[in-house]
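Quick notes on the structure that follows.
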Amino acid sequence: MKKIFLYISAFGLIISAAYAQQNFKTYTSNQASMTYHLVHPLHKIEATSNNVQYKVEMDPASHAIKSVSGTVDVTTFSSGNSNRDSHAMEVIDALDYPDASFTSDSVVSKGGSGDSLWVKGKMTFHGVTKNVTIPVETKWTQNRLDVSGSFDVTLTEFNIERPSLLMIPVEDKLSFDFSASFSF
């Protein structure tokens, strides 16, 4: 029994030492974007913001990611139609809630390759905070990390009344695509 305890203790110390030797630093994205997609039976709406700030706490040498966060000023999304964008800002109360943000609680591999991750955390949008899980794809190069992914939420879970056109509301699903690059 003592041998088993010693082996387990030694294994725990080895894992702890390996984790402690990692050199985690926080990096801010130097290229980033986020696009939302909203569907109405008569047309699809897509708007993009390039004014997104993503941060990642990582160790580039070991390709380990400890945490991620992101913030976007919702007034910076553009669909190419200023009237539609103004109405969208009214619907989400952009004056009262100008930012949407995400902060991770955990970052885990989807299994197999370390290139596919599940990032779990809290998203705050329209003054409401919800737990979300976001699938993220990573691509490591010698001096850069590129990340991308897509996820869905619903307007109603964030207390947003679905806008209507010709008395027909948009779908409740709001989809997001994102990408970011981090140089190190």
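The values are calculated or read from the model by the stated rules, or taken from the named source; none is laboratory data. Just so it is clear, the structure is predicted and the values come from calculations on it, not from any experiment. With ideal geometry, Cβ positions are generated from the backbone for all residues, glycine too; neighbour counts draw on all protein chains shown.
Here the condition is being farther than 21 Å from D85 by Cα and at pLDDT 95 or above; of D105, D152, D177, it holds for D105 alone. Might you let me know whether region 124-133 holds any residue that is part of a strand (DSSP E or B), of a type in the set (G, A, S) and surrounded by fewer than 14 Cβ atoms within 10 Å (Cβ to Cβ)? No - not one qualifying residue is present in region 124-133.
I'm trying to understand the selection: among the residues of region 37-47, which are out of contact with any helix residue (DSSP H, G or I) (no Cβ under 9 Å at 6 or more places or on another chain) and either buried (at least 17 other Cβ atoms within 10 Å of the Cβ) or not basic (K, R) (or both)? Result: H37, V39, H40, P41, L42, H43, E46. Output the residues belonging to region 151-181 that are of a type in the set (V, I, T) and in contact with a Phe, Trp or Tyr (Cβ under 9 Å, 6 or more places away or on another chain). V153, I160, listed by residue number. Screening Q53 with (1) in contact (Cβ under 8 Å) with a residue 40 or more places away in the chain; (2) farther than 17 Å from H126 by Cα gives one miss only, at (1). W118 falls short on exactly one of the conditions (1) without any contact (Cβ under 8 Å) to a residue 24 or more places away in the chain; (2) of a type in the set (F, W, Y); (3) more than 27 Å from S183 (Cβ to Cβ), and that condition is (3). One residue alone among E171, E157 is assigned to a loop (DSSP other than H, G, I, E, B) and either surrounded by fewer than 17 Cβ atoms within 10 Å (Cβ to Cβ) or among the aliphatic types (A, V, I, L, M) (or both), and that residue is E171. Evaluating L38 against the criteria (1) modelled with pLDDT of 95 or more; (2) farther than 27 Å from M167 by Cβ leaves one unmet condition, (2).
Counting only residues that are in contact with a helix residue (DSSP H, G or I) (Cβ under 9 Å, 6 or more places away or on another chain), within 18 Å of Y54 (Cβ to Cβ) and of a type in the set (S, T, Y), region 93-123 holds 0 of them.
Here region 54-110 is the region considered, the condition is being among the acidic types (D, E) and surrounded by 15 or more Cβ atoms within 10 Å (Cβ to Cβ), and the residue that is nearest to the chain's Cα centre (by Cα) is E57. Candidates T133, T103, T75, T129: the one that is touching a Lys or Arg at 6+ places or on another chain (Cβ under 7 Å) and farther than 23 Å from F24 by Cα is T129.
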